[in-house]
1. Please specify each residue of segment 999-1011 satisfying the condition of being buried (at least 23 other Cβ atoms within 10 Å of the Cβ) and farther than 20 Å from Ala1059 by Cβ.
2. Where the second residue is hydroxyl-bearing (Ser, Thr, Tyr) and surrounded by 17 or more Cβ atoms within 10 Å (Cβ to Cβ) and the first is on the phi > 0 side of the Ramachandran plot and lies in segment 960-982, which pairs have Cβ atoms under 8 Å and are six or more apart or on separate chains?
3. Picking from Val905, Val919, which residue would you name as being closer than 30 Å to Phe706 by Cα, of a type in the set (Val, Ile, Thr) and crowded, with 19+ Cβ neighbours inside 10 Å?
4. I'm told Arg796 meets every condition in (1) touching an Asp or Glu at 6+ places or on another chain (Cβ under 8 Å); (2) buried (at least 17 other Cβ atoms within 10 Å of the Cβ); (3) touching a residue at least 60 places away in the same chain (Cβ under 8 Å) except one. Can you identify the failing condition by its number?
5. Scan segment 641-686 residue by residue and report those that are acidic (Asp, Glu) and either buried (at least 21 other Cβ atoms within 10 Å of the Cβ) or touching a Cys at 6+ places or on another chain (Cβ under 6 Å) (or both).
6. Run down Val820, Val851, Val840, Val830 and say which single residue is at pLDDT 85 or above, more than 21 Å from Leu748 (Cα to Cα) and not assigned by TED's automatic domain parsing to the domain that holds Gln433.
7. Considering each of Ala1004, Ala1026, Ala1071 in turn, give the residue that is of a type outside the set (Val, Ile, Thr), modelled with pLDDT of 95 or more and under 30 Å from Leu1123 (Cβ atoms).
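The values are calculated or read from the model by the stated rules, or taken from the named source; none is laboratory data. Everything numeric here is computed off the predicted structure, so don't read it as measured data. We place every Cβ from the backbone using ideal geometry, glycine too, and count neighbours over all the protein chains shown.
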Amino acid sequence: MSIEENLPTYRSWQGEHEVSPRVQRDWEHQERMREIAEIHGRQLADIQARNKDLEQQRDEIRQRLEELSSKEHFTAHIEQMLLELKAQEEKNQRALDALREQIELLQMESVIKQDSVNVVDHSPAQKKEDKMPLNFVTFASGDSLSTEIGALKMVYLQCGGNDPAILAQMHGLQAEAQLLEKSTRPPKEKKKKHESPHRSLDAELLAVELENQRLEEEILKLKLQRERRTPDDELEKEMQEMHREHTKKINDLQEEIEMLKSEANKLRTRKGLRSQHLHPPPPPPPPPIPPTHSTLNQHTQGSHMSHARPQTPMIAKHLLDPPDVLGPAPYDPAAGFVVFYDFLLGLGPTYRLIRLVTGLYNNGHEMGKPSALPAVYCEVGVGPHYLSEGLKGNFGILSAKQPVPRVRPSPGVSLVIELQAAGGFDPYGQEIQRLVSRGWAKIDIFDDHNQVISGRWKVPIRCLPVRPSLTTGQLNGIPQVGSAEVYLRVLNARDADVHSMATVDPHKSSIYQYPPLISSRSAPLAESLPPPQHLSYHHPVVQYLSHPPHVDLPPPEGFNDHHKVNQRWESYGDATVRLNLFTGSRPKVLIAPDSPVNTDTIKEWPDVAYIYQVRPSPPSAPFNAGDGFDLYIDGARFLPDAVTISRVTGRIFDRNYNQIGPDIATKIDLNSNIFRPFYNYHVEIRNPQISPSATLLLKVYSIDRFSLRLVLIGWAALNIFVESGYETSPKVDSAVVQISLNEGPHQLRLYYDGPDPDKPLSVNAVTLRGRYIPCATLLVRLVKAQVDKRLQALERNNVPKTEWIELGLFQPMPNYDDKVYFSDKARPTVGENELYHAMVNRSVVLVREIVKLIASSKEEELGTDDEVENWIHKTLSRLTDVKPLSFNLTYITRYLSTFGIKLSVDGAKNIPWTNFTLVHCSCSPPGAYYFGSAWIRYDPPVFIENIDFNSLQKCPKWLDSFKSFPRRVYHEYLTVIFHLCEVAVSSLEEGTLTFDLKDQAWSALQVFSKGYCNTAVYQLPLYQGAPTQGVLAALAKEDAQSVLGDLVHRDTILRVRGASVLVRVADGRRAEELQTYSEADINQSYLPSELIELYKAEPSNTSLKEMIPAGKSREDFKKQLSLRFRELALHC
């Protein structure tokens, strides 16, 4: 599997600060074209390989034919067949002699029939019953001699007879019988023959007979040709195949004959029981006739009525369906039914592997354990561009048979099918490699007559969740998963053998139909149905919208609704309704409260991600001068999404940054996961004097997958020693304090900033400095050095490698699941718990695979593992004149709309007006606030109004903290508009206050970057007035920074000189990371670099608390100011 399949998001890697969006789009288009060319090449290679396989199969078949021709028993087999045919001819000759005797008797009786009409109807039949020596096939028409002769001819052929003289004799006898019947039939009888209930059956039977005869003659010719041919003829296989097909057709025709004969006997019996003056019952409706042959059918049917024999054997093709035609038929509960799962069409282009899980349900209740069909790989549906009908999307050929015996019939029994697929991307943007549920389908098995609803059906795949209790009408209201459909056959068990030989071909999907939408148990009577509509089945939506699931009729008299009291209601997806109740009079301004925050947070972390472990007791063994220790750096866990190849470097320092021991530089295991890499590093520390304040300081470097540049991911620190019997590290480098080695496996957090070099080094200098890297940790171990008999520390250089494990000089890395790493210092926060649940689903990407992607130009040179490791070492080595970039903390894990985003407006600088400043913010798109009051209710603004009266008027601050925007749908250019308003307050003579809106200013911040939510503190420049709809439209199409810069350059918007607003934006799971921050953490990328000095805060002597009107308390005035600001902002 290629790395492009594992990490599809890597296709658009490019330096984000070096190219414009247009150039990047062109580059992505070129990459897409390259991928298409590669796919085309692979398909062409597959076709060539298939052709080669077919040629090999042809050679094998030819070789086998040659082997068969050399066998000696073939001649003996032909001789045996000739003896059997000769014996059969003797039997046929005896039967022919008996037939001649019957013909002579019939000729004598014909003279008597001319004299007496009354005797004509009965005497021939009576004499036939007395003198008939053989058991001929009984037909519906008992007075048709020509039909019986034709049947005798058919039996003769079926038994192997092939004498041309006998066949010619039978043909002549049949012609004489037909002339005799014409001469003895009364004229009136011709006019009334079409009224006979079984004459149509006679015509059908004759058609069947002639068709059977034609097939027998073809078989006879083939047998004769086979006798003349040599066994090594290449057409032998074709003849055998044709023989099997004809045999199958003959068997089917025999079954049709038996069915027609039984139907004719029933009609004859029914006619005899009725009175002669009553009209016979109407015959059952004939089977549907294809419209293209309607003229032919009418002609042949009229011919049957007048001559009682077919004019062409082609009529049988219209009267009889093919043997594999499916339809309602009686059901045998013991044998059950069979489902053939043929194929799936319309699958998503990202699906690679699919599987169906099936189960039987009765009125929504499970009838047994579900069963899984074998998984199959998807194929790409391709077809000529000039054909409108083709295989759209991917498809999968199932070719699975599932017998279901011993099921009691019931209209409530249904088959529920769940589609599982591997491929595509999860909500976190990672490729799904395991089979997960993607959709489901449901089809009814029995109708109201307890018959199997047999047929070839195509069933749309519906969106999750699986709800077997839904009716057919309710099922049509559930959206379809793209255009995915499953094609299957449902039939009685007795028909399974015939359909097992059917060829499964996705290109023949047109013969499948959608299951009936109107069940017989809920459909109105046929008289009340509207006229039929001819619908196109090329798109399922047409069918669903054209056929109503049910018809609501007016209730009958005396009907009541008491049965609806116990009706079960089901939830409408995840939709909820929020009601606002008011007492007294209606408020002047109806303001919807802020959206509630989702409090259903994850309380626990997944065990596979983090295991909480505390050291049972602190170290107490003293560490003396001359003792040594070993340092193991095992690996890292849950590194951010932006990492590729990584490396750990570091040193051991005392509190004054004096180095102890060698430099630390790890390699990386090429077969490990880039998000959980193994470093397998070991170093021996054997210094005679080690400072008690010694601290291990580590740094993790990586190649950023977006910029492809070297970045510093984070820092980690661990104190080498602790005070004996305590967990605290020594504060001073003094021999007075007894120390112990901080021995054991440790799980260390990664932090964004390193220690301040102007302050003494300690672990707290790193952990208390700034932000941490969410979920990212290092696994290290400190092991006290083993000693020899002289109590001297052992070293690997002095011991053979074969004895390292025995002497304790090498200790393999333990499994994280063994719960040995002390992880209490890296305990996850509430937000990290939620992040862990997302990150455990990331795809496994091996280091060696990612190297092929980021080093594509040098892939040919990296042949061996040593070459790959050397390339990684060189790439991750920091040059003396190049400083690595700081890691962008945005790219931890992808945005999830479930948690939404959080915003906070903390303060402003250099406000140009002289009154109070309040803020409201809204998202664009949609930017509903700026399209008029009629649109505000669809996305009302969020108000920032908890003003800090202890702040300055020119630099106000707000104490609202984070505001939640849950379930915000991802939009690449989603922008938050921060709108600052000046509110003037004046006092009237009677002591009341008036509030007015004066000047305004605004700013904008883009929320997302490459599918991730920006999580940082920003200082944004302010622009004059309010944003127009044109400005909002431009921000919704391009990067916010570039759009704002372009609008300023064209003087479309104007900056407020030196004025800015300080805001925080965070992923809904990561707001806790920004609870505190320093000036160094503020992102000033939106500020013009040439005017950065103007945006520093100017001194101001006016405090907001001094502007509170006299006689008003601080809290009361704040509430009144907030309420009036909302009213003014919503009606301006």
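1. Val1007, the sole residue that qualifies.
2. Ser961/Ser904
3. Details: Val919 fails: closer than 30 Å to Phe706 by Cα.
Of Val905, Val919, the one residue that is closer than 30 Å to Phe706 by Cα, of a type in the set (Val, Ile, Thr) and crowded, with 19+ Cβ neighbours inside 10 Å is Val905.
4. Single failed check for Arg796: (2).
5. Within segment 641-686, the first condition is being acidic (Asp, Glu), and the residues that meet it are 641, 654, 663, 669, 684.
Matches in segment 641-686: Asp641 only.
6. On the way: Val820 fails: more than 21 Å from Leu748 (Cα to Cα); Val840 fails: more than 21 Å from Leu748 (Cα to Cα); Val830 fails: more than 21 Å from Leu748 (Cα to Cα).
Testing whether each residue is at pLDDT 85 or above, more than 21 Å from Leu748 (Cα to Cα) and not assigned by TED's automatic domain parsing to the domain that holds Gln433 leaves just Val851.
7. Working: Ala1026 fails: modelled with pLDDT of 95 or more; Ala1071 fails: modelled with pLDDT of 95 or more.
After ruling out the rest, the residue left standing is Ala1004.
The rows are residues; the columns are (1) outside the structural domain of Phe962 (by TED's automatic domain parsing); (2) under 21 Å from Asp906 (Cα atoms); (3) buried (at least 17 other Cβ atoms within 10 Å of the Cβ).
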position	(1), (2), (3)
Val1017	no, yes, yes
Leu1022	no, yes, yes
Thr1028	no, no, no
Ala1034	no, no, yes
Arg1057	no, yes, no
Ala1071	no, yes, yes
Ala1080	no, yes, no
Lys1096	no, yes, no
